[in-house]
Amino acid sequence: MATKKQFAVIGMGRFGFSVADSLSKMGYDVLAIDSDEHRTQAVSNIVTHAVSADSTDEEALRALGIRNFDVVVVAIGEDIQASILTTLILKDLGGPVIVVKAQNELHGKVLQKIGADKVIYPERDMGLRVAHHLTSPNILDYIELSEEYSILEIRASTQVIGQNLKELNVRAKYGCNVMAIKREGKMNISPDASDRLSDGDILVIVGHKDDLMKLERAYAQI
């Protein structure tokens, strides 16, 4: 039986709290760390362990056995210096995969250069999702996979209900691929070209950002 992954989340602001809460609800062991005792107390009933500690203190992290965790999420808020120093210490200690929240592109570049395994931009990504929702109410989600590729979830409208994927012709017209169809809470991850769209269906489409943008404009009413 595989050993359950262990996560440490440093910084119990809104984002860090949300990550720790979500991981705990998924059944993982989570250590929550914050320099503010009130924040660690607030999360103590949710996670496996909650500790008040200064993440820029190498000895404090070493004492917590941080290198024994599978993944450490650095979710420090406004203090960019603390974010960078914490990442440097974690990299020096070795062991876990290091995922760090960045405030902006420059912060993200620095984090990548000093060895963060993954850099995330929650504010930017959320802004992107909201923008897509605002421009087309039928767009349910927009997820960046990389600098070039993304996934789009779009609700099928009356204009395309009854058509099959071959007739919709998304790949030939826009260079995007329908990778799944959500229907009544179930996911068809290998839709056939002959599959016809029904009322309430959601198309999960992957493609280059430029191609997805063209599809969004053309299918603004989907």
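The values are calculated or read from the model by the stated rules, or taken from the named source; none is laboratory data. Predicted model only: the values in this text are computed from it and were never measured. Glycine also receives a Cβ, built like all others from the backbone with ideal geometry; neighbour counts cover every protein chain displayed.
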For this session: Considering each residue of segment 102-135, count those that are in contact with a helix residue (DSSP H, G or I) (Cβ under 6 Å, 6 or more places away or on another chain) and touching a residue at least 60 places away in the same chain (Cβ under 8 Å), and give that number.
Result: 1
Seminar exercise, completed: Given the conditions (1) of a type in the set (S, T, N, Q); (2) under 25 Å from Ala131 (Cβ atoms); (3) without any contact (Cβ under 8 Å) to a residue 40 or more places away in the chain, every one holds for Gln163 apart from (2)
For this session: Check segment 66-75 and report whether any residue there is touching a Ser or Thr at 6+ places or on another chain (Cβ under 6 Å) and aliphatic (A, V, I, L, M).
Result: yes
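Here are some residues: Gly13, Gly95. Which one is surrounded by fewer than 17 Cβ atoms within 10 Å (Cβ to Cβ), within 26 Å of Arg124 (Cβ to Cβ) and at pLDDT below 95? Let's see the steps before the verdict.
Values: Gly95 fails: within 26 Å of Arg124 (Cβ to Cβ).
Of Gly13, Gly95, the one residue that is surrounded by fewer than 17 Cβ atoms within 10 Å (Cβ to Cβ), within 26 Å of Arg124 (Cβ to Cβ) and at pLDDT below 95 is Gly13.
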Exercise. Name the residues in segment 141-152 that are of a type in the set (S, T, N, Q) and either modelled with pLDDT of 90 or more or surrounded by 14 or more Cβ atoms within 10 Å (Cβ to Cβ) (or both), would you?
Worked result: Ser150
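Answer yes or no: is there a residue in segment 140-149 that is farther than 22 Å from Asp199 by Cβ and in contact with a Leu (Cβ under 6 Å, 6 or more places away or on another chain).
Applying the first criterion (farther than 22 Å from Asp199 by Cβ) to segment 140-149 yields 142-149.
Of the ones still in play, those that are also in contact with a Leu (Cβ under 6 Å, 6 or more places away or on another chain) are 142.
Looking for residues that are farther than 22 Å from Asp199 by Cβ and in contact with a Leu (Cβ under 6 Å, 6 or more places away or on another chain), one finds at least one in segment 140-149, hence yes.
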Problem set entry | Residue among Ala75, Ala60 that is over 25 Å from Glu123 (Cα atoms) and either surrounded by 18 or more Cβ atoms within 10 Å (Cβ to Cβ) or among the aliphatic types (A, V, I, L, M) (or both) | Ala60
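Restricting attention to helices (runs of 4 or more DSSP H) lying wholly within segment 109-206, give those where 2 or more residues are over 22 Å from the mean Cα position of the chain (by Cα) and either among the basic types (Lys, Arg) or at negative phi (or both). Reasoning before the result, please.
Numbers: elements: 122-135, 165-168, 170-174.
Hits in segment 109-206: 165-168, 170-174.
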Seminar exercise, completed: (1) touching a Phe, Trp or Tyr at 6+ places or on another chain (Cβ under 8 Å); (2) part of a helix (DSSP H, G or I) all hold for Thr87 apart from (1)
For this session: Please find, among Lys209, Lys173, Lys182, the residue that is among the basic types (Lys, Arg) and modelled with pLDDT of 90 or more.
Result: Lys182
Seminar exercise, completed: Arg155 meets each of (1) modelled with pLDDT of 90 or more; (2) surrounded by 15 or more Cβ atoms within 10 Å (Cβ to Cβ) with one exception, condition (1)
Exercise. Can you find a residue in segment 23-39 that is under 30 Å from Tyr142 (Cα atoms), at pLDDT 95 or above and among the hydroxyl-bearing types (Ser, Thr, Tyr)?
Worked result: no
Exercise. Quick one: which of Ser55, Ser24 is touching a residue at least 24 places away in the same chain (Cβ under 8 Å), assigned to a loop (DSSP other than H, G, I, E, B), small (Gly, Ala, Ser) and in contact with a strand residue (DSSP E or B) (Cβ under 8 Å, 6 or more places away or on another chain)?
Worked result: Ser55
